[in-house]
1. Residues of segment C:42-58 being open to solvent by 20 Å² or more (accessible area, probe 1.4 Å) and within 11 Å of ligand 2 (Cβ to nearest atom), which ones?
2. Output the number of residues of segment A:95-140 satisfying the condition of being within 7 Å of chain B (Cβ to nearest Cβ) and β-branched (Val, Ile, Thr).
3. Can you name the residue in segment C:126-180 that is in contact with a Pro (Cβ under 9 Å, 6 or more places away or on another chain) and of a type in the set (Val, Ile, Thr) and is also farthest from ligand 1 (Cβ to nearest atom) among such residues?
4. Of all residues in segment C:176-218 being more than 13 Å from ligand 2 (Cβ to nearest atom) and small (Gly, Ala, Ser), which is surrounded by the most Cβ atoms within 10 Å (Cβ to Cβ)?
5. Grab the helices (runs of 4 or more DSSP H) fully contained in segment B:26-138, keeping just those with 2 or more residues being free of Cβ contacts under 8 Å to residues at least 24 places away in the same chain and exposed (fewer than 11 other Cβ atoms within 10 Å of the Cβ).
6. Here are the criteria: (1) in contact (Cβ under 8 Å) with a residue 40 or more places away in the chain; (2) within 16 Å of ligand 2 (Cβ to nearest atom); (3) within 30 Å of C:Ala22 (Cα to Cα). Tell me which single one C:Gln160 does not satisfy.
7. Looking only at segment A:181-203, count every residue that is under 24 Å from A:Gly238 (Cβ atoms) and assigned to a helix (DSSP H, G or I) and tell me the total.
8. So C:Thr116 ticks every box in (1) away from ligand 1 (no atom under 16 Å from the Cβ); (2) away from chain A (no Cβ under 12 Å); (3) in contact (Cβ under 8 Å) with a residue 40 or more places away in the chain but one. Which box is left unticked?
Amino acid sequence: MADIARSSAARPSRRHARNIGNLALQVALVAIVLGLIAAAAHNAAVNMAKANIAHGFGFWNNTAGFDISQALVGYSASASTFGRAFWVGLLNTLLVSAVAIVLSTALGFIIGIARLSHNWLVSRLAGGYVELIRNIPLLLQILFWYNAVLKSLPELKGSVTLPFGGFLNNRGLFLPKPVFAPDFSAVVIALAIGVACALALRIWARRRQERTGEQVYLLGPTLALIVGLPFIVFLVAGKPLTFGIPDMGRFNIRGGLEILPEFAALLIALSVYTAAFIAEVVRAGVLAVPAGQTEAAQALGLRSTTTLRLVVVPQAMRMIVPPLTSQYLNLTKNSSLAVAIGYPDLVQVFAGSVLNITGQAVEVIAITMAVYLSISLVTSLLMSLYGRMVAVVER
Amino acid sequence: MASDTFYLRQTPLVVLLPPRARAGVLGWLRANLFSSPFNIGLTAICVILIAWVVPPLLRFLLVNATWSGDRAACLPSADNPHPGACWAFVRVWLSYFVYGFYPIAQRWRVDLFFVALAFGIGWLAWLRAPRRDVAALYFFVVLPVLSLILLCGFPLIGLPGVSTVLWGGVLVTIVVATVGMVCSLPLGILLALARRSQIPVVKWLAVMFIEFVRGVPLITVLFMASVMLPLFVPEQLSPDKLLRALIGVAMFASAYMAEVIRAGLIAIPRGQYEAAQALGLGYWRTTALVVLPQALRVTLPNIVNVFIALFKDTTLVFIVGIFDFLRTIEAARGDPRWTSPIVSITGYAFAALFYFVCCYGMSRYVHGMERRLARRSG
Amino acid sequence: MVQGSTDAADEKARPEVAVEIAGLNKWFGEFHVLRDINLNVARGERIVICGPSGSGKSTLLRCINHLEDWQTGRIVVDGIELNDDPRQIVAVRRDVGMVFQHFNLFPHLTVLENCTLAPIWVRQMPKRDAEAVAMKYLERVRIPEQAEKYPARLSGGQQQRVAIARALCMNPNIMLFDEPTSALDPEMVKEVLDTMVGLASDGITMLVVSHEMGFARQVADRVMFMADGQILEINEPKAFFAHPQHERTRLFLQQILH
Ligand SMILES: Nc1ncnc2c1ncn2[C@@H]1O[C@H](COP(=O)(O)OP(=O)(O)OP(=O)(O)O)[C@@H](O)[C@H]1O
Ligand SMILES: [Mg+2]
């Protein structure tokens, strides 16, 4: 009894002491961090003054004065600002990431599913791909595609001619460039209508199934609406689409759609590399669905395609989506390796050229990091929303 | 009814072997490669793919390869119209790939460093080795000091100083990877503990650091370390180029390590904390004696996975101008006396082989470890 | 009273034998799991299968709706011979309900959706009809109030009853139960067994792998003992428990009853 009384009397004061200790620790930590920041700022100011470097974000509106080899929006060295260069770089980053995400997802799903195949050879080949690609650094792969493959292609003179008037040489890939006549908008509208009708058809079919139980197979009608309708409109409107065929001159190629070897190398390497990781994500997601789920569905008489569609895929997707998103984020961050081969992405343009010209390391790096950081944070916010949504459903 | 209902087996059946067609090599082939027309088609596609890729690859890498000589030997000639890989190039440049410009007379020091490192890694990685606590002490305390003295030099004991500018090749790759490992584990543990701390400021500082580093590409962290860091310290203290890159890599690896270790900490059931507290252990004792050992054990495979990623990421120091292994390949490949497409491919093939052997080795190790863990718990 | 309830009148068209297994042999690789199994199950008959772990009880049950393939022998279910033809297999599965040891409910679907999935997609029923049927069987297993919940929210006993309802929604002629109560806490075993006793009184053909000997005594027409992949003894429950003939049966019953 006495013991208990003593310990309960002692506890509040001990906790009190600990609270004070915690508070002191927190204050000290804040002080240290602030102190470090202040010291760094002071040193930076001194060093920059000594090196005669400006500070602040005033440079944003100055004329850039350097060329960028690929710009999705109008850009010229003499007239555009550093701010414009920033947007050009950011768009290039987003372009290569978006295309690579599509390609790597397609390839990754194929390989992931191949790894699960009952065919020994197929699963072994897919496994070999994953192991080989995952264990070689991405930078090495980018350099390989760029220097050893694309840059070793023939010179302009010996260009490889591709079907439909394309060229391939060590300056890039030159493809016919689609030129849209004004009438082409009709085709776009037809496509929109086709998609809308296909969706409506789907909803109608589901309603009908709920009412009568009858199942309709929609693959044919859907294809007809989405592909057939625009195509007919295209023919009726008098083929309002022509192609600008690249024209090989003596020193360069004019017209046509030019794909830089830097872009191509980065795209191939990112897609191939990330696909290996996506394949693992897919495989793990599908394996995480217990065999009992498939068996239960089959025991109820569901066919194997229906089982996949209604039982396995919905459960696997829940396992796949979060790690898949983080692979997409990795891919976007990895696209910054563009700097090694000179593809003008955000890092190459901004943390490379702009930094060299202005010398304003702190501002330039901070802006660059802020871009990636906001992409990451927005994505992880979306993911935590998704996670909460999934958790709510299953309750 | 009763005669129908009752059944009693009088003699036990002999165990039969499965029917021929379903067992043995034939049965295996049938079940795994030719079970349906679709499967036969897949098998055929795979065989074609292999036939298309493998023989030319072998021809290039081995059969038609040039094993010795100079650049001329690697070019197409009358008796070798389609020359294969130029291994002669690797032979000539090998010592550069390993040591960079490290003075030739001092290279025994690098060799000694490699041996000391291999010893430490072997001791730590061999899960049933004696005294692995001593191994950890060796790896995380003795080895760094020893390596610093060996590699940088210590004139007082007769080891002349060697500037890091001269370092290169595999040496730099290994140094960057090792420093990343040695720093990231303790820092990662601290960050993970801080992130799970009850104290708000500690927690939020850790969260901010971890999420910041994980949210940006490594290359920007390296740029930050190489161009911003010198601005932040007084000029006379400005660290050398390699050290700056090392700081960047260590920061980056620590953040990832922290998340992996945090996952291990989360996996420890509450009961373990409560049991430790019931025994009267305080926070640090509970953490050091009860929680961390278990968390590190369950998460060891993931820790090694971070090392694998780190090892691949060391190539990025290339971009901030450090002569790591990949950069020495690039440099040698671009040497005007050698440059040619085949030399480039050979250089990359050699680099790929090096990274693949290291990373695949580590991932096999992880695989074995996961199987052990699964066996023990299952 | 339970045993006498088989009503032969409404089963004119269908063959008298619900399941016919002849000369069945199955190997897992080189391992001979099922050895020369011969068994006829009459319509409306209830057979309880017992035997030591690994004796092939589950495998036998899983062969009956072709969740497992086999090497030699034949199985005919309701007059449909099972072979590699997917249409035959689906036809048999529509007719045979199965209840698993670990329930295997679909976690991403509500209880009601679990029950209507197969009627909608296999029987092509209108949704409303499928839901009506599902509610009927959920009432039957006495959990209609849980229809909108997700399986993870239910107790083990409730989940198993949903699994039974889900199988019944397909209106099967034959039900297979693979240790339906062995993953349950003791206090939940009874609610599931009661449900099964209720089913038995409807005259549905049942093959039950179970070690609940009380249930076997009460419900079974025949009790079957398996060991090492063979059927060692089949008998009426009374005789089976009172005078086991085979040495192994005796040993097994001793172990399980004491
Ligand atoms: N997919 C499989 N591959 C290889 N062997 C298997 C497989 N499934 C079952 N077996 C083996 O077949 C034997 C019979 O298994 P089965 O599950 O039918 O036994 P059981 O009588 O149901 O046992 P329990 O009472 O433990 O459920 C066991 O030895 C098991 O190890
Ligand atoms: Mg079983």
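The values are calculated or read from the model by the stated rules, or taken from the named source; none is laboratory data. No experiment lies behind these values; they were computed from the predicted model shown. Cβ placement follows ideal geometry from the backbone for every residue including glycine, while neighbour counts extend to all protein chains displayed. Surface areas here come from the heavy atoms of the whole protein model, side chains and all, with no ligands, DNA or RNA. Shrake-Rupley method; radii C 1.70, N 1.55, O 1.52, S 1.80 Å.
1. Within segment C:42-58, C:Pro52, C:Ser53, C:Gly54, C:Ser58 meet the criteria.
2. Residues that pass the stated criteria total 2.
3. Filtering segment C:126-180 for residues that are in contact with a Pro (Cβ under 9 Å, 6 or more places away or on another chain) and of a type in the set (Val, Ile, Thr), the one farthest from ligand 1 (Cβ to nearest atom) comes out as C:Val133.
4. That would be C:Ala200.
5. B:37-58, B:107-125
6. Tallying (1) in contact (Cβ under 8 Å) with a residue 40 or more places away in the chain; (2) within 16 Å of ligand 2 (Cβ to nearest atom); (3) within 30 Å of C:Ala22 (Cα to Cα), C:Gln160 fails exactly one: (3).
7. Number satisfying all stated conditions: 13.
8. (2)
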